1. Out of all the residues in region 453-480, which are in a helix (DSSP H, G or I) and open to solvent by less than 10 Å² (accessible area, probe 1.4 Å)?
2. Condition first: part of a loop (DSSP other than H, G, I, E, B) and within 19 Å of LYS320 (Cβ to Cβ). Now tell me which residues in region 481-505 satisfy that.
3. Restricted to region 58-78, and to residues that are aliphatic (A, V, I, L, M) and within 46 Å of the chain's Cα centre (by Cα), which residue is surrounded by the fewest Cβ atoms within 10 Å (Cβ to Cβ)?
4. Where in region 565-661 are there helices (runs of 4 or more DSSP H), lying fully within it, with 3 or more residues that are closer than 19 Å to LEU509 by Cβ and open to solvent by 10 Å² or more (accessible area, probe 1.4 Å)?
5. From the list LEU594, LEU563, LEU583, LEU579, which one is over 16 Å from VAL533 (Cβ atoms), at pLDDT 95 or above, touching a helix residue (DSSP H, G or I) at 6+ places or on another chain (Cβ under 9 Å) and not small (Gly, Ala, Ser)?
6. Taking the options SER94, SER110, name whichever one is closer than 24 Å to VAL170 by Cβ, of a type in the set (Ser, Thr, Tyr), assigned to a helix (DSSP H, G or I) and in contact (Cβ under 8 Å) with a residue 12 or more places away in the chain.
7. Answer yes or no: is there a residue in region 428-435 that is part of a helix (DSSP H, G or I) and in contact with a strand residue (DSSP E or B) (Cβ under 7 Å, 6 or more places away or on another chain).
8. Please go through region 410-423 and pick out each residue that is open to solvent by 30 Å² or more (accessible area, probe 1.4 Å) and closer than 20 Å to THR705 by Cβ.
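The values are calculated or read from the model by the stated rules, or taken from the named source; none is laboratory data. Because the structure is predicted, anything quoted here is derived from the model rather than measured. FYI the Cβ positions are ideal-geometry reconstructions off the backbone, even for glycines, and counts take in every protein chain you see. What goes into the accessible areas is simple: the full protein's heavy atoms, side chains included, and nothing from ligands, DNA or RNA. Shrake-Rupley method; radii C 1.70, N 1.55, O 1.52, S 1.80 Å.
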Amino acid sequence: MLSRPVAFVQIWKSWFSSHSLVGDKNIILMGPPGAGKTTIGRIVGQKLGCPVIDIDDDVLETTWKMSVAEKLQDVGNEKFLEEEGKVLLKFSASGSVISLTGSNPMHAASMQHVKKNGLVVYLDVPTAVILSRLQSMKVGRIVGQSPGVSLKSILQFRKQFYRRWYDIRVLCGGDVAAEVAAEKVLDAVKRYQNSELETFISTRSSRARRSTGKDSQKYFSDVVTEGLAPDGGLFVPERGLPKFTAGEWQSLIEATYTERAQVILERCIHPADIPASKLAEIIGTAYGENFSCSKIAPVRHLAGNQFLLELFHGPTASFKDFALQLMPHIFAYCIPRSCNYLVLVATSGDTGSAVLDGFSRLHDTDRQRIAVINFFPEDGVSPIQKSQMIGCQKENAWSVGVKSDFDFCQTAIKQLFTNSDYTGYLTVEYGTALAAANSINWARLLPQIVYHASAYLDLVHQEIVPFGSPVDVCIPTGNFGNILAALYAKRMGIPIRKCICASNENHVLTDFVRTGVYDLRGRRLVPTSSPAVDILKSSNLERYLYLIANEDGQLVTQLYKQLENQGHFLLQKDLLEKLQQDLVAGWCSEEDCLAAIHSVYSTTGYILDTHTAVAKVVADRLQDRTCPIIISSTAHYSKFAPAILRALRIAEINQNPLSQLHLLSSYSPLPPVHWGLLETLKKKGNEEHQVCAADMSMLMSHIETLIQNHFM
């Protein structure tokens with residue numbers, strides 16, 4: 001099933017013929033004054049052999065029979081925009097390259113008219129570069145600039161209009177020659193035209209199956225909807241992730257977090273799946289008022305060469321919010337309207353509340369057709385995490401405690417997805433399809449790439465490092481999703497030298513990175529105070545192994561069959577060497593974790609949560625101090641109040657989660673507890689939830705009951 005939004009695809013496919021890049025439609029270049037629209041337009045037109053129209057020279061001045069400057073002086077700022085718009089409303093062309101004026105996008109009616117017959121390409125040039133160019137051109141004033149308003153302010157103001165109209169964005173840094181920018185425009189238009197090239201495949205798909213076309217094509221919308229590949233593998237982009245040039249990354253140094261997210265995700269999601277305007281709306285909703293810090297993911301100096309990437313400012317106080325405030329809206333946009341969807345998720349702690357919160361924020365109509373069940377180990381999460389998951393339940397979002405560990409919950413969900421009889425039965429009987437919201441879903445990983453890239457750009461912006469100088473990152477790691485996102489950011493051009501994998505006492509990943517042996521034989525899960533990394537089977541490791549194995553799905557299949565049947569596998573020597581070029585690993589005991597929390601608070605006044613403390617201990621041991629290291633602070637300390645109270649030796653610990661938070665709050669030297677966490681735990685009736693035995697038939701029964709209650 002191909003689930004790309006049908007109406008958009010039909011419009012999009014009609015825009016260009018299969019024989020010409022332009023056809024009878026126009027390529028419309030848009031951007032601020034000084035972006036190079038006229039020069040780039042001429043080069044693009046020459047390469048395509050089609051007419052070139054400059055709105056300033058060929059349309060406005062011809063119509064007015066006077067220069068633009070004279071017209072502006074004659075009618076004034078406000079009247080000029082109307083006069084300009086009137087001319088554009090009467091303009092028509094086909095099969096041409098059109099260079100707009102810098103102010104055309106500020107007139108809505110004329111832009112709607114022009115856009116009907118073309119593809120709008122936004123030449124996105126950093127404001128600092130534009131200011132420099134305008135200064136060299138001796139331009140001190142532009143249309144719409146009132147007395148007392150700086151040139152920089154009016155350029156920033158105009159960006160909202162450019163973002164409203166474009167179909168394609170082309171990043172143009174300060175050192176990009178017009179010829180290079182023109183090639184980038186052509187490449188971007190070709191990408192827009194050829195969406196069939198941006199397909200996804202399973203990590204277990206063999207080259208033979210791909211070469212014979214036996215694997216059906218999957219697009220972004222499909223993999224978001226389906227979650228897990230039919231063969232049990234994980235979806236990855238067939239042609240890999242896009243690479244940014246150094247200049248493109250540098251053009252984002254001054255950008256906000258949401259601006260960076262928009263640019264990065266546009267390159268990873270084809271507009272046939274989600275148009276740029278819709279993506280902007282989704283990102284604005286996800287990272288707007290839901291985050292308590294305006295920087296969204298701030299980077300804070302801790303000590304020496306160590307920096308903390310704070311990922312806990314979202315509504316449920318963990319890094320999972322970055323994906324799960326975004327992913328539900330992407331999911332709702334991509335799925336067909338003809339079917340209801342039940343999203344299944346397994347959590348070792350933080351994912352559950354983030355999923356429940358994210359899907360409960362959907363629009364009313366989407367909540368009626370999309371529901372979510374969160375399975376968590378009943379006795380394997382912290383009391384506060386458990387209360388939070390129960391407190392986040394809504395009419396379309398439920399929590400079910402399972403009398404087992406996270407690995408059982410995750411394996412059970414994978415088995416449900418690959419059980420075609422069961423999924424077929426749900427579709428026929430209830431009109432409901434299953435979907436996944438764990439990091440096995442590709443839409444969960446993409447937003448995490450953004451914050452790793454953004455953290456590096458923040459260090460450049462703060463002049464901690466010049467662009468191009470490397471950094472290390474250290475990430476508390478359980479299911480391998482967060483650290484995989486950092487590895488992907490590295491592949492996309494962020495200068496990350498080493499990714500340090502930090503484990504707690506469940507250190508199967510550390511052992512694997514060091515030896516190449518992934519061995520679950522005789523291992524029992526050890527409950528720790530950092531439950532989000534209390535994991536033995538790391539799902540997203542499969543995507544990384546596929547990457548370093550040169551996309552050898554047959555090898556990945558063999559490894560995971562051996563893991564399933566024999567409980568272990570051995571990585572061959574050449575692959576282990578590749579892995580160790582990217583990764584180093586270490587682990588931290590419970591005692592060392594609590595000692596680190598106490599030590600950091602004593603010396604800096606900062607409180608680490610237990611997972612960040614694990615990463616801090618491992619970073620101290622493994623970093624070589626030749627470059628900065630960014631430690632992912634994956635959760636707010638108040639989610640793990642008992643461990644924090646023990647570490648800081650504050651008082652006897654009360655078992656009631658709300659009492660624990662109040663106790664933390666009562667100590668004025670401590671930073672405040674997380675706002676969203678406190679509000680959730682204050683809700684009444686948050687002790688009710690369903691509990692299920694570790695039995696597949698029981699899980700299926702719970703799923704059917706909840707489907708009947710919500711959808712029928």
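1. ALA453, SER454, ALA455, TYR456, LEU457, LEU459 - these are the residues of region 453-480 that are in a helix (DSSP H, G or I) and open to solvent by less than 10 Å² (accessible area, probe 1.4 Å).
2. Selection gives ASN504 alone.
3. So the residue we want is ALA69.
4. Helices (runs of 4 or more DSSP H) meeting the threshold: 573-582, 610-622.
5. Numbers: LEU594 fails: over 16 Å from VAL533 (Cβ atoms); LEU563 fails: touching a helix residue (DSSP H, G or I) at 6+ places or on another chain (Cβ under 9 Å); LEU583 fails: over 16 Å from VAL533 (Cβ atoms).
When all the criteria are applied, what remains is LEU579.
6. That would be SER110, the only listed residue that is closer than 24 Å to VAL170 by Cβ, of a type in the set (Ser, Thr, Tyr), assigned to a helix (DSSP H, G or I) and in contact (Cβ under 8 Å) with a residue 12 or more places away in the chain.
7. no
8. Those that are open to solvent by 30 Å² or more (accessible area, probe 1.4 Å) and closer than 20 Å to THR705 by Cβ: GLN415, PHE417, ASN419, ASP421, THR423.
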